[in-house]
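The values are calculated or read from the model by the stated rules, or taken from the named source; none is laboratory data. Just so it is clear, the structure is predicted and the values come from calculations on it, not from any experiment. Glycine also receives a Cβ, built like all others from the backbone with ideal geometry; neighbour counts cover every protein chain displayed.
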């Protein structure tokens, strides 16, 4: 799986080029995302704009990454670019109340900078 | 794998309570691997019915083992679904408390799994139900008068730990009202083109069949899914559990 990495104002933005995060894709997603998260104290925007489907395994990946970054590593993480199906899933699971969601990676990075 | 799949099947209700106040029905179609769905319905005492449905993330043996563990946690004899009353007996634990316990026991880092759950306690004498729904597809209430309403979530998916609180909500079921619980295997059933059966089709089907009995509604749902997908086997477990309040 390809992951685009860039920086906006000193904030790391990672964008998995993955349309479907499901049970099949989850192991590779976790392996690849862990490689790019970086060291402790990371401030991270997870740009999910390429994704239009996520099942419960995918959701578990996002929860795991969020807890790794914010709790185990003492950093901060937001997500950006949720397409409609993912936005619905985040609402249903109330993940949108635990993880801040922004329309664009730029807005997410700005929120982490402030 | 086959042994694990067999274990999952043994966790499904072997026999539903036979009640004069409430009718119950269920349908379960496993996916080709081991899924993470379980559900149950049992009487805690002479007037309190517990129904729940769980969908553990992922497939395979690890998901199956978590379903076994959750099933044990929610067993009537476990001590987790009751609390002491003032007379030396026990009363049903509030659904919020049950979910708080599950949340504490199953943080994502423990088993690398999350799960959704609907857990409800119904007083069969009055029709009053207290429920908590954590990240689970909206249960649907089908009222006898023809209205339909999905019940919203009262808490986050289990696995977040203490990040968000759990709440519970009340529902007063009138005679003839039905409640349908289901897992995402229903609405995320895909045809060969990868298109979902979806909420809209499902809710329209429920409305169309709201006067049918529970068994007919669950079978009609499965038939409609198979028609939509031209018989393509489900990629996820498909679970449905319905109850109808019929009074005494």
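What to note about this one:
- Residue count, segment A:51-61 (criterion: in contact with a strand residue (DSSP E or B) (Cβ under 7 Å, 6 or more places away or on another chain), without any contact (Cβ under 8 Å) to a residue 40 or more places away in the chain and more than 8 Å from chain B (Cβ to nearest Cβ)): 4
- Qualifying residue in segment A:93-114 (condition: farther than 27 Å from residue B:133 by Cα and in contact with a helix residue (DSSP H, G or I) (Cβ under 7 Å, 6 or more places away or on another chain)): no
- Restricting segment A:62-84 to residues that are within 9 Å of chain B (Cβ to nearest Cβ) and within 24 Å of residue B:236 (Cα to Cα), the residue that is surrounded by the most Cβ atoms within 10 Å (Cβ to Cβ) is A:63.
Every residue, every condition in (1) modelled with pLDDT under 95; (2) under 21 Å from residue B:69 (Cα atoms), yes or no:
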{"position": "B:110", "(1), (2)": "yes, yes"}
{"position": "B:121", "(1), (2)": "no, yes"}
{"position": "B:147", "(1), (2)": "yes, no"}
{"position": "B:173", "(1), (2)": "no, no"}
{"position": "B:178", "(1), (2)": "no, no"}
{"position": "B:197", "(1), (2)": "no, no"}
{"position": "B:204", "(1), (2)": "no, no"}
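- Within segment B:98-111, being surrounded by 16 or more Cβ atoms within 10 Å (Cβ to Cβ) and either within 14 Å of chain A (Cβ to nearest Cβ) or farther than 23 Å from residue B:62 by Cα (or both) holds for B:99, B:103, B:106, B:107, B:108, B:111.
- A single member of B:71, B:33, B:59 is more than 30 Å from residue B:247 (Cβ to Cβ) and either surrounded by fewer than 18 Cβ atoms within 10 Å (Cβ to Cβ) or away from chain A (no Cβ under 13 Å) (or both), and it is B:71.
- Any chance residue B:88 is at positive phi, within 13 Å of chain A (Cβ to nearest Cβ) and surrounded by fewer than 17 Cβ atoms within 10 Å (Cβ to Cβ): no
- Residue in segment A:93-108 that is farthest from residue B:137 (Cα to Cα), counting only those that are within 12 Å of chain B (Cβ to nearest Cβ) and crowded, with 22+ Cβ neighbours inside 10 Å: A:95
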